[in-house]
1. Among the numbered criteria (1) within 16 Å of the ligand (Cβ to nearest atom); (2) in a loop (DSSP other than H, G, I, E, B), which single criterion is violated by ILE73?
2. Taking the condition over 16 Å from the mean Cα position of the chain (by Cα) and touching a residue at least 12 places away in the same chain (Cβ under 8 Å), does TYR7 pass?
3. Scan segment 43-57 and tell me whether some residue there is under 30 Å from LEU10 (Cα atoms), crowded, with 17+ Cβ neighbours inside 10 Å and away from the ligand (no atom under 16 Å from the Cβ).
4. Being crowded, with 16+ Cβ neighbours inside 10 Å, farther than 16 Å from GLY109 by Cα and within 16 Å of the ligand (Cβ to nearest atom) is the requirement here; does ILE29 meet it?
5. Which of the residues that make up segment 10-22 are loosely packed, with under 11 Cβ neighbours inside 10 Å and in a loop (DSSP other than H, G, I, E, B)?
Amino acid sequence: MKSFKPYTYLLRYYLASLLGHKKPLLGGIKLTHACNLSCVQCPFRQREAPSLSFSQALSAMRTLHDWGVRILIIEGGEPFLWRDGAYDLRDIVTRARELFFTVGVTTNGTFPIEVDSDIVWVSIDGLEETHDRLRGKELCAHRGQPRGHGAPQGIRAPYYQLAQLA
Ligand code: SF4
């Protein structure tokens, strides 16, 4: 049976906001600053910061939940690179889905999108030339042809991943 919990929460959230009780609905955790790319526009790859441990990530998620967050976005760096021992992104997403109504992951699209989140955002910076110039590698040229779904030539690499999701 479909749960009405998100809807009742959102209704209470909306009514509370009308009364001036503000709290966050959407929050994010940055698992790691590590990334396999070096995009010119990225502030994170230049910052030295340790990745979260699995227990730190769980603690951060519980804190966000306590604050009222019900939509969680997991990001990096590149979150598919994140590891803590045997744990990887899929374990984080599994635990996140126990707490949050919706869980999203952002990725640069260079790894297989094998994760059970509700949403995956793949960064696309423009058509092929622009995307490759900003991302620092000839990403489009190295990804080969997309499978199915008539992906446009110019955004081959991310679209390849998007086509796999469809
Ligand atoms: S893929 Fe994202 S995290 Fe990695 S360097 Fe580019 S903007 Fe930064």
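1. The number of the failed condition is (2).
2. Considered against the rule, which asks whether it is over 16 Å from the mean Cα position of the chain (by Cα) and touching a residue at least 12 places away in the same chain (Cβ under 8 Å), TYR7 comes out as no.
3. Yes, some residue in segment 43-57 is under 30 Å from LEU10 (Cα atoms), crowded, with 17+ Cβ neighbours inside 10 Å and away from the ligand (no atom under 16 Å from the Cβ).
4. yes
5. LEU19, GLY20, LYS22
Computed from the coordinates by the stated procedures, all read-outs in this text should not be read as laboratory data. Predicted model, so just to flag it, every value in this text is computed and none were measured. Cβ coordinates were reconstructed from backbone atoms using ideal geometry, including for glycine residues, and neighbour counts include every protein chain displayed.
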